[in-house]
There are 2 protein chains.
Amino acid sequence: MFHNILTKTLHIDYPIIQAPMAGGITTPELVAAVSNAGGIGMIGAGYLNAEQTREIIREVKSLTSHTFGVNLFVPEENVANEVEILKMNKHLQKYREELNLPIAGQTIGNKNVFEEQINIIIEECVPICTFTFGLPPEPIVKQLKEAKIFLMGTATTVKEAQFGEKAGMDAIVVQGSEAGGHRGTFLEKPESSMIGLISLIPQVVDQVNIPVIAAGGIMDERGIMAARSLGAQGVQMGTAFLTCKESGAHSLHKAAILEASEEEMVITASFSGKNARGINNRFIEEMSVYEGDIPSYPIQNSLTKDIRKAAGEQNNPNFMSLWSGQSPRLSKNITVSELVQGLVEGYNRIKGTI
Amino acid sequence: MFHNILTKTLHIDYPIIQAPMAGGITTPELVAAVSNAGGIGMIGAGYLNAEQTREIIREVKSLTSHTFGVNLFVPEENVANEVEILKMNKHLQKYREELNLPIAGQTIGNKNVFEEQINIIIEECVPICTFTFGLPPEPIVKQLKEAKIFLMGTATTVKEAQFGEKAGMDAIVVQGSEAGGHRGTFLEKPESSMIGLISLIPQVVDQVNIPVIAAGGIMDERGIMAARSLGAQGVQMGTAFLTCKESGAHSLHKAAILEASEEEMVITASFSGKNARGINNRFIEEMSVYEGDIPSYPIQNSLTKDIRKAAGEQNNPNFMSLWSGQSPRLSKNITVSELVQGLVEGYNRIKGTI
């Protein structure tokens, strides 16, 4: 494929990063398979507690000796408003009934988890740590840098990328509007931050001095070459790895992506209180009526947790968050090693023809 | 740069098409300059009547002997609702007052203009005819094909591209979500058709057998190489040509793009009743309150025409439609020949490095 500052610094064969999808998708098997194939497997630890984070890091280490990383959600202090929660729980009641769930919603997680996760990442000598939904405070960046951990922030606009560089990130993942799952936007209004990669990459590359990694809609060698043409040093691919055999995504989630077309994807805040891209379904459609009533992330995320969990257990895709990027027609249900090998061979094949 | 089926069929040096921006931007000077530079200049005739269409075609012909084209808006039969129009005119009244305009709104144009324009294009032997907002009926396609005119449709989804191929188009312009100006969407809901080019191009290329031309956010050699990597045979560039010396865009429109950043662009239906991307301004912000009251295209377009015109004459960018794609940071105020030469040199420079 190609070598550059990123492959050299991180001791990897290919500048292909598996996106850190939270919620059980990034199993140790998936993460290790990507690292073993020459890319970078990433643990999506955004929803894990400290002990779960340590456990999965150790499992990955037992399966690979190659470079891998952990992604954390930078915590947001949105205060839960009791009236708002009562109102939303009333809207959610019919889904709980349909899924035979008890009435009560979930409580919100521990705010100290983030600091505990940081310590674990340092203790376990994880080579790479990436951040979504913002940037860590200065003392944490310092602590991680002293431990020689490679740091990456997520940006959806030029300004966010510049903030990341200023905060000491070693590289920036630029997330285009095509991306599946949660939007990493943290400075701008959500609607101002839906920039397509073909616009976002060159504009960011011109304004920062650290390597740029492109994320969003990239599924095959064509996307990788496009990202590189635009100035990116590497790619981060989510949906392409989500449908792989080793991924922990629900089988109905994989099936839904494999059968989907690009115009079925919508942006919704209904599952978590934060905009994310996924396949339209009954929950998203019905909740769109209550758009103004959705509490901020992470409150809504906490309120819908039991519903999403039960939907998975009951094989009911109507209430699952079926995250996907805008290129579902390019998805395949193959092994990670087949996927990565195909990307490398494909890239080398088209390389001379452009 | 590179040669392929498109450059051969259309007798052009470079597969670079200047987007057919309507509303006075595509002056004969701009169109001819692009064709003379080795690309394809396109007349945006969407808002012109038959006589104006013939006149500009003849002016372009007097300035270039190279391939050029005309773009038409496929007419839509949205019936004007008197109550809706009264309501909207009430909302628009404050702008008319601010601009010292008479109370009455504009009337809607002649529905037969489209057929008249088709006849003129045939009579004047225009080499290329492209369509936005839908596809022409079968008899018109037949008529144009008999005259050996190269036809291109606009698509924002795979399904729309497939429709275009089926309708007899010789090539398809795929318009990514990054694009400035009006969305060409005609089959899907507007919100389902905001697909980024990095996702849209390969998914369309895999599903149609005619050449694909990429449009949206492409401003320099990096964008062209990315589009080609993704499988496009050529590019269509709007904003990059809009800020050129030869373009007829208002000087304040050019200045606004040259100073803008990517997150200032919004999608709005406030000017025309149809979604379009441009720089946020007072009109868009204030009209967003009346979103539900906006009559369909072309009714709203007709109602705001006097306001946009007066705003231009009075150098008041608050009420102008400042269309732009998502890559304003890459815009330059140079001549067309400098732009095209730079694209070609830049492309050849990065060619060997990817």
Can you tell which of B:315, B:348, B:301 is at positive phi and polar (S, T, N, Q)? B:315
Can you tell me which residue in the range A:326-340 is nearest to residue A:220 (Cα to Cα), limited to those that are within 14 Å of another protein chain (Cβ to nearest Cβ) and in a helix (DSSP H, G or I)? A:330
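Rundown of residues vs (1) touching a residue at least 40 places away in the same chain (Cβ under 8 Å); (2) within 21 Å of the chain's Cα centre (by Cα), yes/no style:
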site	(1), (2)
B:42	yes, yes
B:53	yes, yes
B:57	yes, yes
B:68	yes, yes
B:86	no, no
B:91	yes, no
B:101	yes, no
I'd like to know if the range A:89-97 contains one or more residues that are surrounded by fewer than 18 Cβ atoms within 10 Å (Cβ to Cβ) and either small (Gly, Ala, Ser) or closer than 17 Å to residue A:133 by Cβ (or both). no
Sort through A:236, A:341 and tell me the only one that's out of contact with any helix residue (DSSP H, G or I) (no Cβ under 9 Å at 6 or more places or on another chain) and surrounded by fewer than 18 Cβ atoms within 10 Å (Cβ to Cβ). A:341
What do you reckon, is residue B:350 part of a loop (DSSP other than H, G, I, E, B), within 30 Å of residue B:39 (Cβ to Cβ) and within 14 Å of chain A (Cβ to nearest Cβ)? no
Go through the residues of the range A:78-98 one by one and say whether even a single one is farther than 25 Å from residue A:270 by Cβ and out of contact with any helix residue (DSSP H, G or I) (no Cβ under 6 Å at 6 or more places or on another chain). no
Check on residue B:172, away from chain A (no Cβ under 14 Å), within 26 Å of residue A:277 (Cβ to Cβ) and free of Cβ contacts under 8 Å to residues at least 60 places away in the same chain: yes
If a residue has to be within 11 Å of another protein chain (Cβ to nearest Cβ), in contact with a helix residue (DSSP H, G or I) (Cβ under 8 Å, 6 or more places away or on another chain) and either open to solvent by less than 20 Å² (accessible area, probe 1.4 Å) or touching a residue at least 60 places away in the same chain (Cβ under 8 Å) (or both) to count, how many in the range A:178-201 make the cut? 12
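Among B:223, B:234, which is facing chain A (nearest Cβ under 7 Å) and at pLDDT 95 or above?
On inspection, the qualifying residue turns out to be B:223.
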Could you check the range B:209-230 and list, in sequence order, the residues that are farther than 15 Å from residue A:231 by Cβ and within 18 Å of the chain's Cα centre (by Cα)? B:212, B:213, B:214, B:215, B:216
Give me a count of the residues in the range B:8-30 that are open to solvent by less than 30 Å² (accessible area, probe 1.4 Å), touching a residue at least 40 places away in the same chain (Cβ under 8 Å) and out of contact with any Gly (no Cβ under 7 Å at 6 or more places or on another chain). 1
Identity of the residue in the range A:274-296, part of a loop (DSSP other than H, G, I, E, B) and free of Cβ contacts under 8 Å to residues at least 60 places away in the same chain, that ends up most open to solvent (accessible area, probe 1.4 Å): A:280
Please go through the range B:241-268 and give me each residue that is within 11 Å of chain A (Cβ to nearest Cβ) and open to solvent by 50 Å² or more (accessible area, probe 1.4 Å), ordered by number. B:264, B:267
Give just the number: which of (1) over 23 Å from residue A:301 (Cβ atoms); (2) open to solvent by less than 50 Å² (accessible area, probe 1.4 Å) does residue A:146 not satisfy? (2)
Is it the case, given these coordinates, that residue B:126 is among the β-branched types (Val, Ile, Thr) and in contact (Cβ under 8 Å) with a residue 60 or more places away in the chain? yes
Any residue at all in the range A:205-213 that is within 14 Å of chain B (Cβ to nearest Cβ) and surrounded by fewer than 17 Cβ atoms within 10 Å (Cβ to Cβ)? yes
Test result for residue A:279, touching a Ser or Thr at 6+ places or on another chain (Cβ under 6 Å), within 14 Å of chain B (Cβ to nearest Cβ) and either at positive phi or hydrophobic (A, V, I, L, M, F, W, C) (or both): yes
What is the one condition in (1) within 21 Å of the chain's Cα centre (by Cα); (2) surrounded by fewer than 22 Cβ atoms within 10 Å (Cβ to Cβ); (3) under 24 Å from residue A:334 (Cα atoms) that residue A:63 does not satisfy? (1)
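The values are calculated or read from the model by the stated rules, or taken from the named source; none is laboratory data. Remember, predicted model here, so these are calculated numbers, not experimental data. Here Cβ is always computed from backbone atoms with ideal geometry, including for glycine, and neighbour counts include all displayed protein chains. Calculation scope for accessible area: heavy atoms of the full protein, side chains included, ligands and nucleic acids excluded. Shrake-Rupley method; radii C 1.70, N 1.55, O 1.52, S 1.80 Å.
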